[in-house]
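> Quick one: the structure is below, and I'll ask about it shortly.
The values are calculated or read from the model by the stated rules, or taken from the named source; none is laboratory data. This structure is a prediction, so every number in the text was calculated from the model and none was measured. Please note: Cβ atoms are built from the backbone with ideal geometry, for glycine as well, and neighbour counts cover all protein chains shown. To get the accessible areas, we keep the full protein, side chains included, count just its heavy atoms, and leave off ligands, DNA and RNA. Shrake-Rupley method; radii C 1.70, N 1.55, O 1.52, S 1.80 Å.
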Amino acid sequence: QVQLVESGGGLVQAGGSLRLSCAASGRTFSNYAMAWFRQAPGKEREFVAVISRSGSMTSYADSVKGRFTISRDNAKNAVYLQMNSLKPEDTAVYYCATGPLYTSKVTSYDYWGQGTQVTVSS
């Protein structure tokens, strides 16, 4: 059974930083792309960042490019999202996801974590 568990969310002031972690179990971690998505109240879930199986490729939403960094440690079955220069509009529940394709499409990911709340105050 595949499980993804996020941690590291919280309340931070605008301009601050947070580092999200996602621990994976249940299948060979390094065989799958990993991604972060987020969902704000009343909005659809949106793509944030994706990293390839080996970690050699990454891609970001325009809204976070230059501020967020996705990384992974295949030895620890973990993926991370370093978030710097946070803005109030980054407030959302952040989800990690795993799937066979390196893509930004929500529907391509077959397992999801439960989410972690990130709140950025102005």
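> Select, from ALA61, ALA75, the only residue that is among the hydrophobic types (A, V, I, L, M, F, W, C) and exposed (fewer than 15 other Cβ atoms within 10 Å of the Cβ).
Of ALA61, ALA75, the one residue that is among the hydrophobic types (A, V, I, L, M, F, W, C) and exposed (fewer than 15 other Cβ atoms within 10 Å of the Cβ) is ALA75.
> Just checking, does segment 36-45 include any residue being at positive phi and touching a residue at least 40 places away in the same chain (Cβ under 8 Å)?
No.
> Same structure again: Which of the following residues is basic (Lys, Arg), in a strand (DSSP E or B) and over 24 Å from SER121 (Cβ atoms): ARG72, ARG27, ARG53?
ARG72
> So which of MET34, MET57 is at pLDDT 95 or above and in contact with a Cys (Cβ under 7 Å, 6 or more places away or on another chain)?
Answer to the check: MET34.
> Here is a further query. Restricting attention to segment 79-99, which residues are open to solvent by 30 Å² or more (accessible area, probe 1.4 Å), not in a strand (DSSP E or B) and not charged (D, E, K, R)?
ASN84, SER85, PRO88, THR91
> Of all residues in segment 1-45, which are open to solvent by 80 Å² or more (accessible area, probe 1.4 Å) and within 22 Å of ASN84 (Cβ to Cβ)?
Listed by number, the residues that qualify are LEU11, GLN13, ARG19.
> Follow-up question, since we're still on this one. Quick test of your reading of the structure: TYR102 fulfils all but one of (1) of a type outside the set (S, T, N, Q); (2) part of a loop (DSSP other than H, G, I, E, B); (3) open to solvent by less than 60 Å² (accessible area, probe 1.4 Å). Name the failing condition by number.
(3)
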